[in-house]
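The values are calculated or read from the model by the stated rules, or taken from the named source; none is laboratory data. Nothing here was measured: the structure is a model prediction, and the numbers come from that model. In this analysis, Cβ positions are derived from the backbone assuming ideal geometry, glycine residues included, and neighbour counts consider all displayed protein chains. Surface areas here come from the heavy atoms of the whole protein model, side chains and all, with no ligands, DNA or RNA. Shrake-Rupley method; radii C 1.70, N 1.55, O 1.52, S 1.80 Å.
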Amino acid sequence: MKIAFIGLGNMGGGMAANLAKAGHTVRAFDLSEEALGKAKEAGCETFSTASEACAGVEAVVSMLPNGQIVKSVYQSDVIGHAPGDAVLIDCSTIDVATARDVIAAAEEAGHDMVDSPVSGGIAAAEGGTLTFMVGGSETAFKRAEAVLADMGKAVIHAGDAGNGQAAKICNNMLLAVQMIGTAEAFKMAEKLGLDPQTFYDISSVSSGQCWSMTSYCPVPGVGPQSPADNDYKGGFATALMLKDLKLAMDAAATAHISPRIGALAKELYEAFDGSGNGSRDFSAIITEYD
Ligand code: NAD
């Protein structure tokens, strides 16, 4: 397939490389020369504008920083430049309302389009093991699935346009809450005199068990290998978790629900990010309880 790929950063770089590896012709664009250079090395063709990259393609994939950029790239460089029958796939994490607006504009111009944010970080993007949560019509989903399957291990239809973003932010709000709860439980157990490994052995087979504990334990040396074992480097940056929590709170306001624990998690990550921890893995929040 001939595919345009826009946004070749930490995530998009690996994703575009996987599409090229799977045999697709990838027409890549990014504002950064360095990112373009890496994409070329990975077997992509590179272009100096997004609209040139979109010429003659069957699909467009984007992986961009935020909703404003996604809206402007689709308005100015994709719609009207990619062929009308090209399927459009935005994998960025953005707000639900913007995702729905961009998809409505694309559909008006005759395109099938989905929002398709991902679960999994840079390693999963490079390894082709992302999970895609896809919002859009059944037809658009089926067409997008054929492209997304070459970049991930699971492609799940979440429902109508914007529902991929809704699934992503609800999941990440739960993850933030769960991580803070896990951190507090381990620190409290320790201060009450329990050895962290002993608490893990008990709680990981009891009702407190959760992903943040048994797959991503914030305590160094406990549970499987995680960023805690690497001084909280790599993994999922606090700044990105905060971005998702802000999107979650915005979405909550539009849906007229007040998730109180989610709001508190956002406040705690805001404070942690604000004290210079934005680039540390989000599990480092446990160090606030030292
Ligand atoms: P990044 O900053 O590394 O990459 C974004 C890229 O977009 C950059 O290379 C930048 O030059 C490019 N860009 C910006 N404006 C552009 C424009 N107008 N046209 C073309 N290119 C443009 O960010 P990332 O970590 O790759 O994240 C991308 C998206 O994936 C974000 O929405 C993020 O929330 C989401 N995400 C990231 C992770 C992660 O672990 N990094 C995990 C899940 C989801």
Peptide ranges 76-82, 121-127 listed from the most packed, as the mean C-beta count within 10 angstrom indicates: 76-82, 121-127
Size of charge dipole - the chain - debye, nearest 20, with Cβ of Lys, Arg +1 and Asp, Glu -1, no other charges: 220 debye
Across K21/K243; K71/K168; K71/K243; K2/K246; K71/K233; K40/K266, pairs whose alpha-carbon gap is larger than 29 Å: K21/K243; K2/K246; K71/K233; K40/K266
Chain lengthening between Q75 and D290 when straightened (0.36 nm per residue, less Cα-Cα): 72.6 nm
Region 200-256 shape via C-alpha gyration tensor axes, a/c threshold 1.5: oblate
K153-N66 FRET efficiency (beta carbon distance; Förster radius 25 Å; 0.05 resolution): 0.45
For region 138-186 versus region 242-290, the gap between their alpha-carbon centres in whole angstrom: 18 Å
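Among 33-39, 282-288, what's the highest-first ranking by average C-beta atoms within 10 angstrom per residue?
282-288, 33-39
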Over the chain: Rg over Rh, Cα atoms, Kirkwood Rh: 1.01
Two-decimal ratio, region 175-290, of alpha-carbon radius of gyration to 2.2 N^0.38 Å: 1.08
For A28, distant residues with modelled amide H under 5 Å away: F5, E45, T46, F47
Accessible area of the chain divided out per residue, in Å², using a probe of 1.4 angstrom: 44 Å²
Equivalent ellipsoid semi-axes, region 47-149, via Cα gyration tensor eigenvalues times 5, rooted, Å: 20, 15, 14
Extended-chain gain in nm, criterion 0.36 nm per residue less alpha-carbon gap, L194 and A239: 13.0 nm
H157 - accessible surface, heavy atoms, 1.4 Å probe, Å² rounded to 10: 60 Å²
Cα gyration tensor category, rounded, prolate or oblate, for region 102-156 with a/c compared to 1.5: prolate
Prolate/oblate/rounded call for region 34-101, Cα gyration tensor, a/c under 1.5 rounded: oblate
Per residue convex hull volume, Cα atoms of region 130-204, in Å³: 95 Å³
HN-Hα J in Hz across region 160-176 - Karplus 6.51, -1.76, 1.60, θ = phi - 60°, x for Gly and Pro: 5, 3, x, 6, x, 5, 4, 4, 4, 6, 5, 4, 6, 5, 4, 4, 4
Accessible surface of the chain, 1.4 Å probe, proportion on carbon and sulfur as whole %: 54 percent
Calculated from backbone phi, Karplus (6.51, -1.76, 1.60) coupling profile of region 105-117 in Hz, x at Gly/Pro: 5, 5, 5, 4, 8, x, 7, 7, 9, 10, 9, 8, x
Rounded accessible area of S207 (nearest 10 Å², 1.4 Å probe): 120 Å²
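Of the trypsin sites (Lys or Arg not before Pro) in region 156-258, which ones lie in a loop per DSSP and count no more than 13 other C-beta atoms within 10 Å?
K233
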Charged-residue dipole, Cβ positions (Lys, Arg, Asp, Glu), region 143-290 about Cα centre, Debye nearest 20: 300 debye
